[in-house]
Amino acid sequence: MAERIDGKAISLQIKDELKKQLEEIRAQGGKRCLAVILVGEDPASKVYVGNKKKACEYIGIESRSYELPAETSQEELLALIDKLNKDSEVDGILVQLPLPAGLDERQVIRAIAPEKDVDGFHPVNVGSLLIGEPGYVSCTPAGVIQLLKRSGIEIAGKECVVVGRSNIVGKPMAALLLRENGTVTVCHSRTKNLAEVCRRADILVVAVGKPRMIDASYIKEGAVVIDVGIHRMENGKLCGDVDFDAVEPHCSAITPVPGGVGPMTIAMLMNNCVNRVTE
Ligand code: GUN
């Protein structure tokens, strides 16, 4: 039987550590404040933003909420970001993605001051990760590294295969595994013999966005499997990019969906808020 990596328990452990750390910061007169910007009415984004605000409250981070109508112009959004960049009371700025049609996500990400970019999406932070300099790291891949480390899984020297090359998950995931001295392969939609390449993996991280695409034919016996996907099935239940029931008997450890990678994203966002990167 594979070990089930319990992301809910590990994320709670991290949040409790951060809460203690912030108590010490506050005892010395410090504080932390996160500004959260939500544009439009996307129901999933509203749930995510609500969960981020709840986590802030749990840890003791002040959260300031900016809920803007879907018709907000690019100029209005950029003006708000500029104001928050200049506000010394604000430590972190998060713009929930995706933005409504008509807004330029790329320009918005670049407008956030890199030292307040707690999502780690700004090109300066992405570049810092690649060249091994301090900076904010994208929360979901940072959470995967914590899941591995806190489950006692060694990365150094291991064959790591990442399936997916998004800017938010796949690319930073590859950079982080490399930083931990893994031997890293990145696969994508044009990869030939995908199952064969995945079967090399000691650690397989899947972020493709296709429900239950990865079956047993992609798995080396005894591999560690990390599933970043999350999808709602027709019966209302959640599933990942990995066919859990088919894959679990073949691996040594696996993350479930829900309760695996998902809760780690917010825990790492909270970590980025408490442990500031100042330039
Ligand atoms: N939308 C989905 N995931 C994320 C995230 O991690 N950060 C932001 N800002 N938006 C998202």
Review point. Using all Cα-Cα distances in region 107-263, what percent lands in each 10 angstrom bin from 0 up to the longest?
Key: 11, 40, 34, 13, 1
**Study point:** Expected-Rg normalisation [2.2 N^0.38 Å, Cα atoms] applied to region 1-68
**Key:** 1.38
**Study point:** Relative intensity, log₁₀ I(q)/I(0), of the chain from a Debye sum that treats every alpha carbon as a point, q = 0.13 Å⁻¹
**Key:** -0.90
Check your understanding: Taking neighbour Cβ counts within 10 Å as the exposure measure, how do M213, M1, M173 sort from fewest upward?
Key -> M1, M213, M173
Check your understanding: Using a ≥ b ≥ c from the Cα gyration tensor of region 181-279 (square roots of the eigenvalues), is it rounded, prolate or oblate, where a/c under 1.5 gives rounded and otherwise the larger of a/b and b/c decides, a/b for prolate?
Key -> oblate
Exercise for review: Express the C-alpha Rg of region 196-242 as a ratio against the empirical globular expectation 2.2 N^0.38 Å, rounded to two decimals.
Suggested key: 1.18
Review point. With point charges of +1 on the Cβ of Lys and Arg and -1 on the Cβ of Asp and Glu, referenced to the Cα centre of region 130-279, which listed residue (A175, S151, M264) lies farthest in the positive direction of the dipole?
Key: A175
Study note, to complete from the structure: Ordered by fewest other Cβ atoms within 10 Å, a rough proxy for footprinting exposure, D91, D82 read D82, D91
Check your understanding: How big is region 135-183 by Rg and Dmax over its Cα atoms, in Å?
Key -> 10.2, 27
Review point. So, in nm, how far is label A246 from label K31 when the simple model puts each one 7 Å beyond its Cα toward the Cβ?
Key: 5.3
Point to revise | Difference of contour (0.36 nm per residue) and Cα-Cα distance, M233 to E41 | key: 66.9 nm
**Study point:** Given K20/K46; K158/K237; K8/K192, the pairs whose alpha carbons are separated by over 31 Å
**Key:** K158/K237; K8/K192
Exercise for review: Whole number please: convex hull volume per residue, Cα atoms of region 108-157, in Å³.
Suggested key: 79
Review point. Between the helical axis of 43-59 and the dominant principal axis of the chain, each derived from Cα atoms, what acute angle in degrees is found, rounded to the nearest 10?
Key: 80
Practice item. Using only Cα atoms, tell me the angle between helix 170-179 and the longest principal axis of the chain; keep it within 0 to 90° and round to the nearest 10. Key: 80
Review point. Once the Cα atoms of region 30-84 are picked out, what are the Rg and Dmax in Å?
Key: 12.3, 37
**Study point:** Cα convex hull of region 3-146 - mean projected area over all directions, nm²
**Key:** 9.9
Point to revise | Spacing of the two label points (7 Å from each Cα toward its C-beta) at A9 and D104, in nm | key: 4.9
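Quick note: the coordinates plus some simple rules give every number you see, no bench work behind them. Predicted model, so just to flag it, every value in this text is computed and none were measured. For neighbour counting, all protein chains shown are included, and Cβ atoms are generated from backbone atoms with ideal geometry for every residue, glycine included.
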